[in-house]
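Quick notes on the structure that follows.
Read-outs: derived from the displayed coordinates by stated rules, not from any lab. Nothing here was measured: the structure is a model prediction, and the numbers come from that model. For neighbour counting, all protein chains shown are included, and Cβ atoms are generated from backbone atoms with ideal geometry for every residue, glycine included.
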Amino acid sequence: MKFSKIFHLESIMVNQAVPVFIAIQVSVVFFFVVCTSGCAVAMASKGPTEKDVSVLNVGTERERVVAELGAPVLSDDKDGRKVDTFNFIQG
């Protein structure tokens, strides 16, 4: 009689541990999915801002163009004039 009661208690303990273990696994997977799904939204909101291309008109001061578009990727002297080449992503 004692053996069957001990066995019965052990089987109850094992049966109770399985749902807890499954609940922990589900919680970990849920947490991972929630944390990684927001990355795309966060990265999209931190994308490049829209540049004001109206500064690319004749007569605009170079400092104003550099302030808006960033540093030029190439600066050359052609026919005694400074020519800057810019590279930017229009957000």
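Figures for the structure shown
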quantity	calculated
GluC sites (Glu not before Pro) within region 57-91, DSSP loop, no more than 10 other Cβ atoms inside 10 Å	61
Amide proton proximity set for residue 86, modelled H, under 5 Å, gap of 5+	73
Per-pair calculated FRET efficiency, R0 = 41 Å: residue 50 and residue 77 via Cβ, rounded to 0.05	0.85
Residues with amide H under 5 Å from that of residue 51, placed H, sequence gap 5 or more	91
